[in-house]
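Visitor: Input: one structure, supplied below.
The values are calculated or read from the model by the stated rules, or taken from the named source; none is laboratory data. This structure is a prediction, so every number in the text was calculated from the model and none was measured. When we count neighbours, we look across all protein chains shown, and the Cβ atoms used for this are built from the backbone with ideal geometry, even at glycine.
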Amino acid sequence: MTHVLNWQLGRPMEYPYAGAYPNRQFAFVFNTNRCLGCQTCTMACKSTWTFGKGQEAMWWANVETKPYGGYPRQWDARLLEMLDEADPERIGWRDAEADGFGPYGLYDGKTIFEAARARSAKGPQVALGYLPADEDWHAPNLYEDVPVGPGGVSGILHREGESLPVHRTWFFYLARICNHCSYPACLAACPRKAIYKRPEDGVVLIDQERCRGYRKCVEACPYKKSMYRGTTRVSEKCIACFPRLEGRDPDAGGRPTETRCMSACIGQIRLQGLVGIGKDGEWKEDRKNPIYYLVKVAKVALPLYPQFGTQPNGYYIPPRWVPRDYLVQMFGPGVGHAVEAYLRPDRELLAVLQLFRKSNRIIFRYEIEPGPKVWETERADGKFELYDDTVIAFGEDGKELFRTKVEEPIYVRPAKHLNSI
Ligand code: SF4
Ligand code: SF4
(Lines give C-alpha, C1' and ligand atoms only; values in the text may rest on other atoms or scores of the structure.)
(Ligands and ions follow the chains in the order given, each with its own letter.)
Protein backbone atom coordinates (compact mmCIF):
# COMPACT_ATOMS: atom_id res chain seq x y z
CA MET A 1 0.00 0.00 0.00
CA THR A 2 1.15 3.52 -0.75
CA HIS A 3 -0.07 6.77 0.73
CA VAL A 4 -2.08 9.31 -1.21
CA LEU A 5 -3.50 12.64 -0.11
CA ASN A 6 -7.26 12.57 0.42
CA TRP A 7 -8.15 16.24 0.81
CA GLN A 8 -11.74 15.41 1.77
CA LEU A 9 -10.42 13.57 4.85
CA GLY A 10 -7.74 16.15 5.64
CA ARG A 11 -4.96 13.54 5.64
CA PRO A 12 -2.98 11.03 3.59
CA MET A 13 -4.55 7.58 3.39
CA GLU A 14 -3.57 4.09 2.27
CA TYR A 15 -4.35 3.15 -1.33
CA PRO A 16 -2.99 0.24 -3.41
CA TYR A 17 -1.58 2.49 -6.13
CA ALA A 18 0.46 5.69 -6.13
CA GLY A 19 -1.58 8.80 -6.88
CA ALA A 20 -2.08 9.40 -10.61
CA TYR A 21 -4.26 12.36 -11.40
CA PRO A 22 -6.10 13.55 -14.49
CA ASN A 23 -5.61 17.04 -15.88
CA ARG A 24 -9.29 17.76 -15.37
CA GLN A 25 -11.88 15.90 -13.36
CA PHE A 26 -15.54 15.26 -14.18
CA ALA A 27 -17.49 16.52 -11.16
CA PHE A 28 -21.07 17.43 -10.34
CA VAL A 29 -23.26 19.10 -7.75
CA PHE A 30 -26.77 17.85 -6.91
CA ASN A 31 -29.08 20.10 -4.90
CA THR A 32 -31.15 17.62 -2.88
CA ASN A 33 -33.44 20.43 -1.74
CA ARG A 34 -34.89 20.63 -5.23
CA CYS A 35 -35.22 16.97 -6.26
CA LEU A 36 -38.83 15.92 -6.73
CA GLY A 37 -38.19 12.22 -7.29
CA CYS A 38 -39.68 12.23 -10.79
CA GLN A 39 -37.07 9.68 -11.97
CA THR A 40 -36.67 11.44 -15.35
CA CYS A 41 -32.90 11.25 -14.89
CA THR A 42 -33.13 7.54 -14.14
CA MET A 43 -35.08 6.89 -17.31
CA ALA A 44 -32.90 9.17 -19.44
CA CYS A 45 -29.90 7.01 -18.51
CA LYS A 46 -31.82 3.76 -18.83
CA SER A 47 -33.11 4.57 -22.30
CA THR A 48 -29.64 5.61 -23.44
CA TRP A 49 -27.30 2.99 -22.04
CA THR A 50 -28.98 0.09 -20.20
CA PHE A 51 -32.00 -1.01 -22.24
CA GLY A 52 -30.36 -4.22 -23.52
CA LYS A 53 -30.86 -7.83 -22.65
CA GLY A 54 -29.26 -8.66 -19.33
CA GLN A 55 -29.47 -5.04 -18.19
CA GLU A 56 -33.01 -5.23 -16.84
CA ALA A 57 -31.92 -4.71 -13.22
CA MET A 58 -29.10 -2.34 -14.11
CA TRP A 59 -29.65 1.31 -13.17
CA TRP A 60 -26.47 3.35 -13.57
CA ALA A 61 -28.45 6.41 -12.49
CA ASN A 62 -31.04 6.01 -9.76
CA VAL A 63 -32.93 8.12 -7.23
CA GLU A 64 -33.60 6.54 -3.85
CA THR A 65 -35.74 7.78 -0.98
CA LYS A 66 -33.68 8.14 2.16
CA PRO A 67 -33.43 6.87 4.82
CA TYR A 68 -35.00 3.52 3.93
CA GLY A 69 -34.52 3.30 0.18
CA GLY A 70 -31.34 2.19 -1.53
CA TYR A 71 -30.22 0.51 -4.69
CA PRO A 72 -29.01 -2.12 -4.22
CA ARG A 73 -31.05 -2.58 -1.08
CA GLN A 74 -29.46 -1.04 2.04
CA TRP A 75 -26.11 -0.55 0.31
CA ASP A 76 -24.95 2.25 2.58
CA ALA A 77 -26.33 0.93 5.87
CA ARG A 78 -24.57 -2.36 5.27
CA LEU A 79 -21.20 -0.78 4.56
CA LEU A 80 -21.49 1.57 7.54
CA GLU A 81 -22.13 -1.47 9.73
CA MET A 82 -19.10 -3.22 8.26
CA LEU A 83 -16.90 -0.18 8.87
CA ASP A 84 -18.10 -0.04 12.48
CA GLU A 85 -17.29 -3.71 12.99
CA ALA A 86 -13.87 -3.40 11.37
CA ASP A 87 -12.99 -0.28 13.31
CA PRO A 88 -14.85 -0.33 16.65
CA GLU A 89 -12.56 2.29 18.21
CA ARG A 90 -12.96 4.74 15.39
CA ILE A 91 -12.87 8.35 16.41
CA GLY A 92 -14.50 9.64 13.25
CA TRP A 93 -14.23 13.32 12.42
CA ARG A 94 -12.16 15.74 14.51
CA ASP A 95 -11.88 19.46 14.87
CA ALA A 96 -13.26 20.97 11.71
CA GLU A 97 -11.77 24.37 12.57
CA ALA A 98 -8.15 23.37 13.23
CA ASP A 99 -5.40 24.59 10.91
CA GLY A 100 -3.78 22.18 8.52
CA PHE A 101 -6.75 19.86 8.14
CA GLY A 102 -9.08 19.60 5.17
CA PRO A 103 -12.14 21.76 4.67
CA TYR A 104 -14.29 19.39 6.73
CA GLY A 105 -11.76 18.62 9.48
CA LEU A 106 -9.71 15.47 9.99
CA TYR A 107 -11.19 12.00 9.56
CA ASP A 108 -9.50 9.77 12.10
CA GLY A 109 -11.44 6.60 11.39
CA LYS A 110 -10.49 3.95 8.87
CA THR A 111 -11.43 4.20 5.20
CA ILE A 112 -12.61 1.10 3.33
CA PHE A 113 -9.00 0.54 2.15
CA GLU A 114 -7.52 0.84 5.64
CA ALA A 115 -10.28 -1.23 7.25
CA ALA A 116 -9.73 -4.02 4.71
CA ARG A 117 -6.04 -4.20 5.63
CA ALA A 118 -6.82 -4.15 9.34
CA ARG A 119 -8.99 -7.25 8.99
CA SER A 120 -6.97 -9.04 6.32
CA ALA A 121 -6.95 -12.13 8.55
CA LYS A 122 -10.52 -12.71 7.40
CA GLY A 123 -9.39 -13.00 3.80
CA PRO A 124 -7.65 -10.81 1.25
CA GLN A 125 -9.65 -7.75 0.24
CA VAL A 126 -8.34 -4.51 -1.21
CA ALA A 127 -11.35 -2.58 0.01
CA LEU A 128 -13.92 -3.41 2.63
CA GLY A 129 -17.06 -4.41 0.77
CA TYR A 130 -19.62 -7.06 -0.02
CA LEU A 131 -21.30 -8.58 -3.03
CA PRO A 132 -25.03 -7.83 -3.00
CA ALA A 133 -27.35 -10.81 -3.46
CA ASP A 134 -29.44 -11.03 -6.64
CA GLU A 135 -32.60 -9.97 -4.79
CA ASP A 136 -30.88 -6.78 -3.56
CA TRP A 137 -30.86 -5.53 -7.16
CA HIS A 138 -34.49 -6.35 -7.91
CA ALA A 139 -36.40 -3.38 -6.50
CA PRO A 140 -34.71 -0.06 -7.21
CA ASN A 141 -37.63 1.93 -5.78
CA LEU A 142 -38.22 -0.02 -2.59
CA TYR A 143 -39.37 2.41 0.15
CA GLU A 144 -39.93 5.19 -2.38
CA ASP A 145 -41.70 8.12 -0.68
CA VAL A 146 -41.74 6.31 2.68
CA PRO A 147 -41.04 8.84 5.44
CA VAL A 148 -39.57 8.29 8.87
CA GLY A 149 -42.38 8.33 11.42
CA PRO A 150 -42.01 10.00 14.83
CA GLY A 151 -40.53 6.85 16.33
CA GLY A 152 -38.52 5.69 13.36
CA VAL A 153 -38.43 2.02 12.48
CA SER A 154 -35.90 0.03 14.43
CA GLY A 155 -33.54 -2.25 12.60
CA ILE A 156 -33.68 -0.39 9.30
CA LEU A 157 -32.28 3.03 10.11
CA HIS A 158 -28.58 3.59 10.28
CA ARG A 159 -27.33 3.25 13.80
CA GLU A 160 -26.47 6.91 14.06
CA GLY A 161 -28.97 9.58 13.17
CA GLU A 162 -32.13 8.10 14.62
CA SER A 163 -32.80 11.10 16.81
CA LEU A 164 -32.76 14.91 16.58
CA PRO A 165 -35.85 15.34 14.41
CA VAL A 166 -35.91 18.65 12.59
CA HIS A 167 -39.26 17.62 11.18
CA ARG A 168 -41.13 14.86 13.00
CA THR A 169 -41.54 13.00 9.73
CA TRP A 170 -39.05 13.33 6.91
CA PHE A 171 -37.52 11.76 3.86
CA PHE A 172 -35.52 13.05 0.93
CA TYR A 173 -34.52 11.95 -2.53
CA LEU A 174 -30.90 11.02 -3.10
CA ALA A 175 -30.02 10.99 -6.79
CA ARG A 176 -26.97 8.86 -7.52
CA ILE A 177 -24.58 8.01 -10.33
CA CYS A 178 -21.00 6.74 -10.28
CA ASN A 179 -18.82 9.34 -8.55
CA HIS A 180 -15.85 8.81 -10.88
CA CYS A 181 -13.79 8.76 -7.71
CA SER A 182 -10.24 10.07 -7.46
CA TYR A 183 -9.26 6.83 -5.67
CA PRO A 184 -11.72 4.36 -7.15
CA ALA A 185 -12.24 1.21 -5.13
CA CYS A 186 -13.52 -0.56 -8.26
CA LEU A 187 -10.21 0.13 -10.02
CA ALA A 188 -8.13 -0.82 -6.97
CA ALA A 189 -9.88 -4.18 -6.60
CA CYS A 190 -9.79 -5.32 -10.23
CA PRO A 191 -7.35 -8.25 -10.57
CA ARG A 192 -7.38 -7.87 -14.38
CA LYS A 193 -6.49 -4.16 -14.32
CA ALA A 194 -9.48 -3.70 -16.59
CA ILE A 195 -10.60 -0.44 -14.95
CA TYR A 196 -8.88 2.84 -15.71
CA LYS A 197 -9.26 6.55 -15.14
CA ARG A 198 -9.02 8.77 -18.20
CA PRO A 199 -6.26 11.39 -17.91
CA GLU A 200 -8.26 14.00 -19.83
CA ASP A 201 -11.35 14.07 -17.60
CA GLY A 202 -11.00 11.56 -14.75
CA VAL A 203 -13.87 9.43 -16.03
CA VAL A 204 -13.60 5.85 -14.71
CA LEU A 205 -14.25 3.17 -17.32
CA ILE A 206 -14.23 -0.63 -17.49
CA ASP A 207 -12.41 -2.09 -20.49
CA GLN A 208 -15.02 -4.57 -21.72
CA GLU A 209 -12.35 -6.64 -23.50
CA ARG A 210 -10.15 -7.09 -20.44
CA CYS A 211 -12.94 -7.68 -17.91
CA ARG A 212 -13.54 -11.34 -17.02
CA GLY A 213 -16.53 -10.72 -14.78
CA TYR A 214 -14.88 -11.57 -11.45
CA ARG A 215 -17.10 -8.89 -9.85
CA LYS A 216 -14.34 -7.65 -7.55
CA CYS A 217 -15.33 -4.12 -8.58
CA VAL A 218 -18.95 -4.77 -7.63
CA GLU A 219 -17.79 -6.01 -4.24
CA ALA A 220 -15.37 -3.13 -3.64
CA CYS A 221 -17.31 -0.10 -4.88
CA PRO A 222 -18.75 1.39 -1.68
CA TYR A 223 -21.48 3.12 -3.70
CA LYS A 224 -22.34 -0.09 -5.55
CA LYS A 225 -22.15 1.62 -8.92
CA SER A 226 -20.31 -1.12 -10.75
CA MET A 227 -22.75 -3.80 -11.92
CA TYR A 228 -22.51 -7.27 -13.38
CA ARG A 229 -24.30 -8.27 -16.59
CA GLY A 230 -25.14 -11.93 -16.73
CA THR A 231 -25.64 -12.10 -20.50
CA THR A 232 -22.17 -10.83 -21.37
CA ARG A 233 -20.47 -12.00 -18.16
CA VAL A 234 -18.64 -8.74 -17.69
CA SER A 235 -19.20 -5.76 -15.42
CA GLU A 236 -20.51 -2.40 -16.57
CA LYS A 237 -20.83 1.04 -15.06
CA CYS A 238 -21.74 4.66 -15.74
CA ILE A 239 -19.50 6.10 -18.45
CA ALA A 240 -20.31 9.77 -17.68
CA CYS A 241 -21.82 9.95 -21.20
CA PHE A 242 -18.26 10.56 -22.43
CA PRO A 243 -19.25 11.13 -26.06
CA ARG A 244 -21.24 14.14 -24.83
CA LEU A 245 -18.36 15.25 -22.61
CA GLU A 246 -16.12 15.16 -25.68
CA GLY A 247 -18.67 17.09 -27.73
CA ARG A 248 -19.13 14.13 -30.14
CA ASP A 249 -22.82 13.50 -29.42
CA PRO A 250 -25.08 14.91 -32.19
CA ASP A 251 -26.74 17.00 -29.48
CA ALA A 252 -23.40 18.47 -28.38
CA GLY A 253 -22.48 20.39 -31.52
CA GLY A 254 -18.76 19.94 -30.84
CA ARG A 255 -18.91 21.50 -27.37
CA PRO A 256 -18.56 19.76 -23.97
CA THR A 257 -22.10 18.83 -23.00
CA GLU A 258 -23.62 17.48 -19.81
CA THR A 259 -24.68 13.87 -19.38
CA ARG A 260 -28.17 12.61 -20.26
CA CYS A 261 -29.24 12.40 -16.61
CA MET A 262 -28.11 15.98 -15.97
CA SER A 263 -29.69 17.35 -19.13
CA ALA A 264 -33.06 15.71 -18.42
CA CYS A 265 -33.42 16.90 -14.83
CA ILE A 266 -36.89 18.37 -14.32
CA GLY A 267 -36.18 19.73 -10.85
CA GLN A 268 -33.09 21.59 -12.07
CA ILE A 269 -31.05 20.08 -9.26
CA ARG A 270 -27.99 19.15 -11.33
CA LEU A 271 -24.90 21.01 -12.44
CA GLN A 272 -21.98 19.22 -14.05
CA GLY A 273 -18.52 20.54 -14.73
CA LEU A 274 -14.81 19.88 -15.13
CA VAL A 275 -12.34 21.05 -12.50
CA GLY A 276 -8.59 21.44 -12.96
CA ILE A 277 -6.43 19.01 -10.95
CA GLY A 278 -2.90 19.66 -9.67
CA LYS A 279 -0.04 17.17 -9.37
CA ASP A 280 -0.96 16.27 -5.78
CA GLY A 281 -4.58 15.58 -6.71
CA GLU A 282 -5.83 18.83 -5.18
CA TRP A 283 -8.19 21.01 -7.18
CA LYS A 284 -6.47 23.90 -8.93
CA GLU A 285 -7.85 27.24 -7.82
CA ASP A 286 -10.45 28.35 -10.34
CA ARG A 287 -12.57 30.85 -8.44
CA LYS A 288 -15.12 31.47 -11.20
CA ASN A 289 -15.75 27.84 -12.11
CA PRO A 290 -19.22 27.20 -10.62
CA ILE A 291 -18.35 23.70 -9.35
CA TYR A 292 -15.16 25.02 -7.73
CA TYR A 293 -17.10 27.87 -6.19
CA LEU A 294 -19.89 25.70 -4.74
CA VAL A 295 -17.51 23.06 -3.30
CA LYS A 296 -14.40 25.00 -2.32
CA VAL A 297 -15.50 28.59 -1.74
CA ALA A 298 -19.15 28.58 -0.62
CA LYS A 299 -18.70 25.01 0.77
CA VAL A 300 -22.41 24.48 0.26
CA ALA A 301 -21.97 21.17 -1.62
CA LEU A 302 -20.45 18.14 0.13
CA PRO A 303 -19.15 14.70 -0.91
CA LEU A 304 -21.33 11.63 -0.29
CA TYR A 305 -19.89 9.46 2.50
CA PRO A 306 -16.38 10.94 2.29
CA GLN A 307 -15.31 8.59 5.10
CA PHE A 308 -15.35 5.68 2.65
CA GLY A 309 -12.10 7.17 1.29
CA THR A 310 -12.53 7.02 -2.48
CA GLN A 311 -12.65 10.84 -2.74
CA PRO A 312 -15.87 10.87 -4.76
CA ASN A 313 -16.41 13.65 -7.29
CA GLY A 314 -20.17 13.97 -6.76
CA TYR A 315 -21.21 16.72 -4.32
CA TYR A 316 -24.57 17.34 -2.66
CA ILE A 317 -26.26 20.38 -1.20
CA PRO A 318 -27.80 18.67 1.86
CA PRO A 319 -31.58 18.74 2.45
CA ARG A 320 -32.33 21.39 5.03
CA TRP A 321 -35.24 19.62 6.80
CA VAL A 322 -33.42 16.44 7.76
CA PRO A 323 -31.93 15.65 11.21
CA ARG A 324 -28.37 16.93 11.32
CA ASP A 325 -26.90 13.73 12.81
CA TYR A 326 -28.18 11.78 9.85
CA LEU A 327 -26.74 14.31 7.42
CA VAL A 328 -23.36 14.40 9.15
CA GLN A 329 -23.15 10.63 8.88
CA MET A 330 -23.86 10.92 5.16
CA PHE A 331 -21.99 14.09 4.14
CA GLY A 332 -19.47 14.71 6.95
CA PRO A 333 -19.12 17.59 9.41
CA GLY A 334 -19.42 20.28 6.74
CA VAL A 335 -23.20 19.87 6.96
CA GLY A 336 -23.81 22.63 9.52
CA HIS A 337 -22.08 25.25 7.39
CA ALA A 338 -23.59 23.99 4.13
CA VAL A 339 -27.19 24.08 5.40
CA GLU A 340 -26.69 27.54 6.93
CA ALA A 341 -25.14 28.86 3.71
CA TYR A 342 -28.07 27.51 1.69
CA LEU A 343 -30.66 28.92 4.08
CA ARG A 344 -29.01 32.35 4.06
CA PRO A 345 -27.42 32.64 0.62
CA ASP A 346 -25.28 35.67 -0.08
CA ARG A 347 -25.53 37.49 -3.43
CA GLU A 348 -22.93 35.36 -5.16
CA LEU A 349 -24.36 32.03 -4.03
CA LEU A 350 -27.87 33.06 -5.02
CA ALA A 351 -26.61 34.04 -8.46
CA VAL A 352 -24.61 30.82 -8.99
CA LEU A 353 -27.61 28.70 -7.98
CA GLN A 354 -29.42 30.16 -11.00
CA LEU A 355 -26.94 28.44 -13.34
CA PHE A 356 -28.41 24.98 -12.70
CA ARG A 357 -29.99 23.56 -15.86
CA LYS A 358 -30.25 26.74 -17.91
CA SER A 359 -28.18 25.00 -20.57
CA ASN A 360 -26.91 21.52 -21.41
CA ARG A 361 -23.45 22.89 -22.22
CA ILE A 362 -20.77 22.61 -19.55
CA ILE A 363 -20.09 25.93 -17.86
CA PHE A 364 -16.41 26.71 -17.35
CA ARG A 365 -16.71 30.22 -15.91
CA TYR A 366 -19.31 32.66 -14.65
CA GLU A 367 -19.47 36.40 -14.10
CA ILE A 368 -22.02 38.40 -12.13
CA GLU A 369 -23.36 41.82 -13.08
CA PRO A 370 -24.91 43.60 -10.09
CA GLY A 371 -28.58 44.50 -10.35
CA PRO A 372 -31.01 46.55 -8.24
CA LYS A 373 -32.38 45.55 -4.86
CA VAL A 374 -35.88 44.19 -5.48
CA TRP A 375 -36.97 42.91 -2.08
CA GLU A 376 -36.05 42.88 1.57
CA THR A 377 -37.47 41.25 4.68
CA GLU A 378 -36.72 40.86 8.37
CA ARG A 379 -35.96 37.33 9.46
CA ALA A 380 -35.26 35.93 12.90
CA ASP A 381 -31.56 36.00 12.05
CA GLY A 382 -31.54 39.50 10.60
CA LYS A 383 -32.38 41.38 7.44
CA PHE A 384 -32.44 39.56 4.10
CA GLU A 385 -32.09 41.56 0.89
CA LEU A 386 -32.68 40.25 -2.62
CA TYR A 387 -30.83 41.75 -5.58
CA ASP A 388 -31.80 41.05 -9.16
CA ASP A 389 -28.24 40.32 -10.29
CA THR A 390 -27.43 38.87 -13.71
CA VAL A 391 -25.22 35.80 -13.90
CA ILE A 392 -23.44 35.08 -17.18
CA ALA A 393 -22.15 31.59 -18.10
CA PHE A 394 -19.17 30.98 -20.41
CA GLY A 395 -18.14 27.79 -22.24
CA GLU A 396 -14.73 26.20 -22.75
CA ASP A 397 -13.95 28.54 -25.65
CA GLY A 398 -14.65 31.59 -23.47
CA LYS A 399 -17.80 32.46 -25.40
CA GLU A 400 -20.99 33.32 -23.58
CA LEU A 401 -23.41 30.39 -23.26
CA PHE A 402 -26.30 32.26 -21.67
CA ARG A 403 -27.20 34.87 -19.10
CA THR A 404 -29.95 34.70 -16.52
CA LYS A 405 -31.28 36.74 -13.63
CA VAL A 406 -31.83 36.00 -9.96
CA GLU A 407 -35.48 37.04 -10.13
CA GLU A 408 -37.39 34.88 -12.56
CA PRO A 409 -39.46 36.88 -15.02
CA ILE A 410 -43.24 36.54 -14.75
CA TYR A 411 -45.30 36.54 -17.92
CA VAL A 412 -49.02 37.17 -17.60
CA ARG A 413 -50.76 35.63 -20.58
CA PRO A 414 -53.69 37.57 -21.94
CA ALA A 415 -57.01 35.84 -21.24
CA LYS A 416 -58.40 34.70 -24.59
CA HIS A 417 -61.05 32.30 -23.46
CA LEU A 418 -63.39 31.92 -20.51
CA ASN A 419 -61.28 29.09 -19.13
CA SER A 420 -57.89 30.70 -19.78
CA ILE A 421 -55.50 30.58 -16.85
S1 SF4 B 1 -18.42 5.23 -7.44
FE2 SF4 B 1 -17.76 3.07 -7.42
S3 SF4 B 1 -17.79 2.46 -9.59
FE4 SF4 B 1 -17.72 4.71 -9.53
S5 SF4 B 1 -15.52 5.23 -9.60
FE6 SF4 B 1 -16.14 5.20 -7.43
S7 SF4 B 1 -15.61 3.14 -6.76
FE8 SF4 B 1 -15.66 3.05 -9.03
S1 SF4 C 1 -34.78 14.34 -12.94
FE2 SF4 C 1 -33.93 15.74 -11.37
S3 SF4 C 1 -35.75 16.22 -10.09
FE4 SF4 C 1 -36.28 14.36 -11.25
S5 SF4 C 1 -35.65 12.67 -9.88
FE6 SF4 C 1 -33.89 13.07 -11.26
S7 SF4 C 1 -32.58 14.46 -10.05
FE8 SF4 C 1 -34.62 14.51 -9.09
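Visitor: Please go through the range 53-85 and pick out each residue that is closer than 19 Å to Val148 by Cβ, within 16 Å of ligand 2 (Cβ to nearest atom) and assigned to a loop (DSSP other than H, G, I, E, B).
Guide: Of everything in the range 53-85, those that are closer than 19 Å to Val148 by Cβ, within 16 Å of ligand 2 (Cβ to nearest atom) and assigned to a loop (DSSP other than H, G, I, E, B) turn out to be Gly69, Gly70, Tyr71.
Visitor: May I ask you to list the residues in the range 368-421 that are outside any strand (DSSP E or B) and surrounded by 10 or more Cβ atoms within 10 Å (Cβ to Cβ)?
Guide: Here is the first cut: in the range 368-421, the residues outside any strand (DSSP E or B) are 370-372, 380-381, 388-389, 395-399, 406-421.
Passing the criteria: Pro370, Gly371, Asp388, Asp389, Gly395, Glu396, Asp397, Val406, Glu407.
Visitor: Another question, if that's okay. Test Lys237 against the criterion of being in contact with a Ser or Thr (Cβ under 6 Å, 6 or more places away or on another chain), crowded, with 18+ Cβ neighbours inside 10 Å, modelled with pLDDT of 95 or more and not hydrophobic (A, V, I, L, M, F, W, C), and give yes or no.
Guide: Details: in contact with a Ser or Thr (Cβ under 6 Å, 6 or more places away or on another chain): yes; crowded, with 18+ Cβ neighbours inside 10 Å: yes; modelled with pLDDT of 95 or more: yes; not hydrophobic (A, V, I, L, M, F, W, C): yes.
It is true that Lys237 is in contact with a Ser or Thr (Cβ under 6 Å, 6 or more places away or on another chain), crowded, with 18+ Cβ neighbours inside 10 Å, modelled with pLDDT of 95 or more and not hydrophobic (A, V, I, L, M, F, W, C).
Visitor: Confirm whether Ile363 is β-branched (Val, Ile, Thr), modelled with pLDDT of 95 or more, under 30 Å from Pro312 (Cα atoms) and part of a loop (DSSP other than H, G, I, E, B).
Guide: Numbers: β-branched (Val, Ile, Thr): yes; modelled with pLDDT of 95 or more: yes; under 30 Å from Pro312 (Cα atoms): yes; part of a loop (DSSP other than H, G, I, E, B): yes.
For Ile363, the condition - β-branched (Val, Ile, Thr), modelled with pLDDT of 95 or more, under 30 Å from Pro312 (Cα atoms) and part of a loop (DSSP other than H, G, I, E, B) - is met.
Visitor: Residues Leu349, Leu355: which one is in contact with a helix residue (DSSP H, G or I) (Cβ under 9 Å, 6 or more places away or on another chain) and free of Cβ contacts under 8 Å to residues at least 60 places away in the same chain?
Guide: Numbers: Leu355 fails: free of Cβ contacts under 8 Å to residues at least 60 places away in the same chain.
Matching residue, one of Leu349, Leu355: Leu349.
Visitor: So the check is Cβ under 8 Å with 6+ separation or different chains; which pairs have a first residue in the range 261-273 that's closer than 10 Å to Cys38 by Cβ and within 6 Å of ligand 2 (Cβ to nearest atom) and a second one that's assigned to a loop (DSSP other than H, G, I, E, B) and at pLDDT 95 or above?
Guide: Cys265/Arg357; Ile266/Leu36; Ile266/Cys38; Gly267/Cys35; Gly267/Leu36; Gly267/Cys38
Visitor: Would you mind listing the strands (runs of 3 or more DSSP E) fully within the range 1-52 where at least 2 residues are within 14 Å of ligand 1 (Cβ to nearest atom)?
Guide: Values: elements: 2-6, 11-15, 24-31.
Per the criteria, 24-31.
A quick yes/no check of all residues on (1) in contact with a Gly (Cβ under 8 Å, 6 or more places away or on another chain); (2) at pLDDT 95 or above:
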site	(1), (2)
Gly309	no, yes
Pro319	no, yes
Arg324	yes, no
Leu343	no, no
